[in-house]
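The values are calculated or read from the model by the stated rules, or taken from the named source; none is laboratory data. Values in this document were obtained by computation on a predicted structure and should not be read as measured data. Cβ coordinates were reconstructed from backbone atoms using ideal geometry, including for glycine residues, and neighbour counts include every protein chain displayed. These area figures cover heavy atoms from the full protein model, side chains too; ligands, DNA and RNA do not enter into them. Shrake-Rupley method; radii C 1.70, N 1.55, O 1.52, S 1.80 Å.
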Amino acid sequence: MSDCSSSGSDEDLDPEIELLDELGGKLSKWTNYIHGWQDRWIVLKGNILSYYRSADEKEYGCRGSICLSKAVITPHEFDECRFDISVNDSIWYLRAEYPLHRQQWIDTIELHKAESGYGSENSLLRHGSQLSLTSAASILSTTSASSCKKGYSLREKLAEMETFRDILCRQVDTLQKYFDNCADADSKDELRRDKVSEDEEDFPTLRPYGDYLLNNNSSKEKLFPVDSLKGPFIDFKGEAITFKATTAGILSTLSHCIDILVKGEESWQRRLDKNIERRRRAEDSCKAALTELKKKPHYGGPDYEEGPNSLINEEEFFDAVEAALDKHDQIEEQSQAERNGASRRISLPPDTYFSISTQKYLTKPHSQTSSSCSVDLVSASDDVHRFSAQVEEMVKSHMNYSLQDVGGDANWQLVVEEGEMKVYRREVEENGIVLDPLKATHAVRGVTGHEVCHYFWDTAFRNDWETTVESFQVVETLSDKAVLIHQTHKRVWPASQRDVLYVSVMQKILSTNENDPDTWLVCNFSVDHDGYPPSARCIRAKINVAMICQTLISPPEGDEKLTRDNFLCKITYVANVNPGGWVPASVLRAVAKREYPKFLKRFTSYVQEKTSDEVILF
């Protein structure tokens, strides 16, 4: 005993075995199509793999675990950092930081799986025997009283068969003893005959006479002793009658057993028919459910999301995106109704009201191809910051090209036209990624260009009209009218989630011609920031967006006062977006065609509602 205990303590102190007791590390685990990949703390102890939200939450219990005894570890075919662990119909999708890290995890899991003792011949035999014994015990324990009652007569007949077998065995034993004795007597007779033939020369001539020998004087001598023929008395007639009765009983009992088995077979056949019918109905229900499931855009696992090796085809991708956008619209409509019920009016700051000179009254819309497109326009902003040079370059580019007419050689295609709103697109692809520039023009009455740009730029109102943003953060305030923003958009499954880091600037562009309207502009363009590098959770998109607004004023008739009905805001919205990732081109173009007009209508309606009761100061 002491040797055994000392040996066990030595094994406990073995550093390799101690290393295999528990291992932990951080891996990315696929959660669901809403949250995608999330970092989780994975713990390997024995042949149990568990995961926690973080290493600090281990004391609160694991969030899930699987047994590795029968697990299958599969490295992903294309993703060098991903591997899957499946046990029956349960699958864990895991990703390491780099391929070597993945291989270390796979090797360690396989080692723990081997150490668990499963897979050897002895263990298979042991588990099989336990299963058989358990199954037998279960069957006996679950036998119903009715089935025992039905089987009672059969067992009774089998007991009768045992009795008949015993009787036949006794008869056979009796006959065997008799035949053995007869054989012994015959062998003794043969020996004595041989002895008599050997002694003929020494004795008078003897002739057999029945059970006696006759000599020359005709006297009789006994051939055998009388005792030599004595043996067991056999009542052959009685034995024959017993044998006949026994065999008749056996045949009768067998007949009863066959009848019982036939009845049991009929009963089991009825049960089998019922079970077959139930199984057929269950299979039909399963097929119907699978057919309905295939009609719905629900797929599990990371293989059915955006990626270079996605298992979802382009048509299914589009259907899923469209269904997700419809759902988002419904949720937004409900939220908007709730906000309208409990809304409170927020007024623009005083500097948004400006005086309008009578010399700027216009009787007809101003042409966009006039001198207002000139790069000689003067910016009213004196803000200076580290992105000032980029801002100036972007503003000049937009004022030179964004306000140009869509005709000519620009290859703009009209994709949507709804009243005053027109949306144009140029199809451009680079390395398989859709980079279609988009341009929209719109005219909104009752608002000024300054008001439109203010509500578009000011983050205080962003959540009131923007429905695609999940969260945003002002990373840095560069000046009064320039901010650096990190913005995360809502995920639309199966597309990956995207974020963008950009500088947002609002400027007033003064016209060089006193008869031309002033122009307000909001420019958003992507930049890099050390504090916000791209993450594995989102795809970093690149944007270059501009909202250019000009206010056109028609003079009131006679002595009537100037009202908002005299104001018309000409809006030009341009967007150059590089979404990155692997979304199919047809899906991107279809989504842009659907979402940009909705955005413009929603935003301009919001501005009209916010400014409807505001007074314009002269």
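For segment 503-534, enumerate the residues that are aromatic (Phe, Trp, Tyr), part of a strand (DSSP E or B) and out of contact with any Cys (no Cβ under 8 Å at 6 or more places or on another chain).
If the condition is that a residue be aromatic (Phe, Trp, Tyr), part of a strand (DSSP E or B) and out of contact with any Cys (no Cβ under 8 Å at 6 or more places or on another chain), then Phe525 is the only one that fits.
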| query | When you go through (1) open to solvent by less than 60 Å² (accessible area, probe 1.4 Å); (2) of a type in the set (Asp, Glu); (3) touching a Gly at 6+ places or on another chain (Cβ under 8 Å) one by one for Asp189, which number turns out not to apply? | reply | (3)
| request: Could you look through segment 568-598, keep only residues that are in contact with a strand residue (DSSP E or B) (Cβ under 6 Å, 6 or more places away or on another chain) and assigned to a loop (DSSP other than H, G, I, E, B), and pick out the one that is farthest from Asn309 (Cα to Cα)? | output: Gly580
| task | Please find, within segment 31-49, the residue that is farthest from Pro494 (Cα to Cα) out of those that are of a type in the set (D, E, K, R) and surrounded by fewer than 18 Cβ atoms within 10 Å (Cβ to Cβ). | result | Lys45
| field | Check on Leu568, under 22 Å from Asp464 (Cβ atoms) and not aromatic (Phe, Trp, Tyr) | value | no
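Considering only residues that are over 25 Å from Leu311 (Cβ atoms) and open to solvent by less than 40 Å² (accessible area, probe 1.4 Å), which ones fall in segment 55-102?
Residues of segment 55-102 that are over 25 Å from Leu311 (Cβ atoms), as a first pass: 55-63, 65, 67-70, 100-101.
Scanning segment 55-102 gives Gly61, Leu68, Ser69, His101.
Under the condition of being at pLDDT 90 or above and under 39 Å from the mean Cα position of the chain (by Cα), which residue from segment 483-495 is surrounded by the most Cβ atoms within 10 Å (Cβ to Cβ)? Please lay out each step first, then the result.
Of all residues in segment 483-495, those at pLDDT 90 or above come to 483-490.
With the extra rule that they be under 39 Å from the mean Cα position of the chain (by Cα), the set shrinks to 484-490.
On the way: Leu484: 21, Ile485: 17, His486: 17, Gln487: 23, Thr488: 17, His489: 18, Lys490: 15.
Among them, the one singled out is Gln487.
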| note | Here the qualifying pairs (Cβ atoms under 7 Å; residues six or more apart or on different chains; first in segment 562-578 and more than 18 Å from Glu420 (Cα to Cα) and touching a residue at least 12 places away in the same chain (Cβ under 8 Å); second surrounded by fewer than 20 Cβ atoms within 10 Å (Cβ to Cβ) and among the charged types (D, E, K, R)) come out as Asn578/Lys542
| Failed condition for Arg537, given (1) closer than 25 Å to Lys490 by Cβ; (2) free of Cβ contacts under 8 Å to residues at least 40 places away in the same chain; (3) among the charged types (D, E, K, R) | (2)
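Residues of segment 503-540 being hydroxyl-bearing (Ser, Thr, Tyr) and open to solvent by 10 Å² or more (accessible area, probe 1.4 Å), which ones?
So the first thing to find is which residues in segment 503-540 are hydroxyl-bearing (Ser, Thr, Tyr), and the list is 504, 511-512, 519, 526, 532, 535.
Of everything in segment 503-540, those that are hydroxyl-bearing (Ser, Thr, Tyr) and open to solvent by 10 Å² or more (accessible area, probe 1.4 Å) turn out to be Ser511, Thr512, Ser526, Tyr532, Ser535.
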| query | Pairs, please: C-beta under 7 Å, at least 6 apart or cross-chain, first residue within 18 Å of Tyr93 (Cβ to Cβ) and among the charged types (D, E, K, R) and in segment 41-68, second buried (at least 16 other Cβ atoms within 10 Å of the Cβ) and at pLDDT 90 or above? | reply | Arg53/Arg40; Arg63/Tyr51; Arg63/Tyr52
| Elements of type strands (runs of 3 or more DSSP E) in segment 381-482, at least 1 residues being open to solvent by 20 Å² or more (accessible area, probe 1.4 Å), touching a His at 6+ places or on another chain (Cβ under 6 Å) and closer than 28 Å to His328 by Cβ | 469-479
